[in-house]
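Engineer: Sharing a structure below in structure tokens format, with a few things to ask.
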Amino acid sequence: MSERPAESAPPAEPEIDRIGPTRRPDERPVMYQRWKHLLFLHWSLPPEVVAPLLPPGLTLDTFDGRAWVGLVPFTMRGVRPRGLPAVGFLSDFHETNVRTYVHFQGKDPGVWFFSLEAANAIAVRLARAWFKLPYHYAGMELTAGPQGSSYAYRSERRWPGPTPARCAVRCTPKGTVSNSTPGTLQHFLVERYFLYSTAHGQLFRGQVHHTPYQVRGADVEGLDETLLAAAGIPRPSEPPMALFSEGVDVDVFRLRCVEG
């Protein structure tokens, strides 16, 4: 009787420097922002489901062999270019993004955005032009409970399509606030300082810097969203992993072409 062939082990995940990107670049920012009341919702998916949605040049970044897709609603405050003051409605608006995690040739682990919703039409146009990111204009609301006891997010895409693309969710932060420990899934998901975008067949990389997120868990209720489906992502049936952060002050650095 012939022996059963041994099952092949899954491919080893690359050793990627995840601490270097957290250090501040030796250059001047081009923009300042404050990200507030962030709800990180994440689902695990097989890599073969997510990898075909990426552009050439980027490799899916996995944790324990699994891909992760995130839905992140939050609010922006004090958005301004370097050298200019923040200006009311131009600088303060809500945002929601759908994302996964990637790296470039085994280094610079970052975020690939499938979509970004923003409740500011001018910011949408500028971000699409300057940062080559797939922004969409949306009607959005963020309602906070007494003393930050809960947060309710709502977003409804207006343009450009595809539509329908909406999100409504309520969360109650819970537990102890702490930094994420390197090597953990939480650190893998939230401590991301590079972003990637494409335009005219060219791959670009941007970078941000901020202090580490202070994070805690969250209970989630009433999740109703079609943003993942609009991006071509099948949402798993299980509830998402939910994390919450009160926010960080962010320095944004210029976008660069990525050389192969």
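Engineer: Which one of Leu84, Ser44, Thr59 has its Cα pushed farthest toward the positive end of the charge dipole of segment 25-99, where Lys and Arg give +1 and Asp and Glu give -1 at the Cβ?
Structural biologist: Of the options given, the answer is Leu84.
Engineer: What residue among Gln105, Gln33, Gln147 shows peak mean-square fluctuation when the chain is described by a Gaussian network model with Cα springs under 10 Å?
Structural biologist: Result for the chain, Cα springs under 10 Å: Gln147 fluctuates most.
Engineer: Calculate how steeply helix 121-130 sits against the longest principal axis of the alpha-carbon atoms of the chain, using the helix alpha-carbon long axis, and give the answer as 0 to 90 degrees to the nearest 10.
Structural biologist: 50 degrees
Engineer: Further question on the same structure: Determine, from the Cβ-Cβ distance of Asp249 and Glu48 and an R0 of 30 Å, the FRET efficiency 1/(1 + (r/R0)^6), rounded to the nearest 0.05. Spell out each step's value before the answer.
Structural biologist: Numbers: r = 38 Å, r/R0 = 1.27.
The formula returns an efficiency of 0.20 here.
Engineer: Express the carbon and sulfur contribution to the solvent-accessible surface of segment 121-183 as a percent, rounded to the nearest whole number, probe 1.4 angstrom.
Structural biologist: The computed percentage sits at 54.
Engineer: Please list, in order, the residues from segment 216-250 whose amide nitrogen is less than 16 Å from a point placed 7 Å along the Cα→Cβ vector of Thr176.
Structural biologist: Residues 216-218 qualify, since their backbone N sits under 16 Å from the label point.
Engineer: How are the alpha carbon pair distances in the chain distributed across 10 Å bins from zero to the largest one, expressed in percent?
Structural biologist: Result, from short to long distances: 7, 30, 39, 19, 4, 2, 1, 0 percent.
Engineer: Oh, and also: Roughly speaking, what is the stretch gain from His200 to Asp64, that is 0.36 nm per residue apart minus the C-alpha to C-alpha distance, in nm to one decimal?
Structural biologist: Extra length available between His200 and Asp64 comes to 45.6 nm.
Engineer: Then there's this: When only alpha-carbon atoms are used, what values of Rg and Dmax, in angstrom, describe segment 123-208?
Structural biologist: 16.9, 48
Engineer: State in Å² the accessible area per residue of the chain; use a 1.4 Å probe, count heavy atoms of protein chains only, and round to the nearest integer.
Structural biologist: Solvent-accessible surface per residue comes out at 50 Å².
Engineer: Using the Cα centre of segment 115-212 as origin and beta-carbon charges of +1 (Lys, Arg) and -1 (Asp, Glu), tell me which of Gln186, Pro162, Tyr137 is placed farthest towards the positive end of the dipole.
Structural biologist: Toward the positive end, the furthest listed residue is Pro162.
Engineer: OK, next. Give the accessible area for Val252 in Å² (nearest 10); use a 1.4 Å probe, count only protein heavy atoms, and leave out ligands, DNA and RNA.
Structural biologist: 10 Å²
Engineer: Moving to a separate point now. Which value at 222 nm does the chain reach when only helices count, each DSSP H run of 4 or more adding -39,500 (n - 2.57), with the total divided by all residues and rounded to the nearest 500 deg cm²/dmol?
Structural biologist: Details: 5 runs with 28 residues, N = 260.
Estimated from H runs of four or more residues: -2500 deg cm²/dmol.
Engineer: About the Cα centre of the chain, what is the dipole size in debye to 20, counting +1 per Lys and Arg Cβ and -1 per Asp and Glu Cβ, all else neutral?
Structural biologist: For this selection, approximately 960 debye.
Engineer: Glu15 to Ala152: extension gain in nm, 0.36 nm per residue of separation minus the Cα-Cα distance?
Structural biologist: So the chain would gain 45.5 nm between Glu15 and Ala152.
Engineer: May I pose another question? At a Cα cut-off below 28 Å, give the lysines reachable from Lys132, other chains included and same-chain residues fewer than 8 away excluded.
Structural biologist: Lys36, Lys107
The values are calculated or read from the model by the stated rules, or taken from the named source; none is laboratory data. Because the structure is a prediction, the values reported are computed rather than measured. Cβ atoms come from the backbone with ideal geometry, glycine included; neighbour counts cover every protein chain shown. Each accessible area value is taken on the protein alone, full model and side chains, heavy atoms only, with ligands, DNA and RNA left out. Shrake-Rupley method; radii C 1.70, N 1.55, O 1.52, S 1.80 Å.
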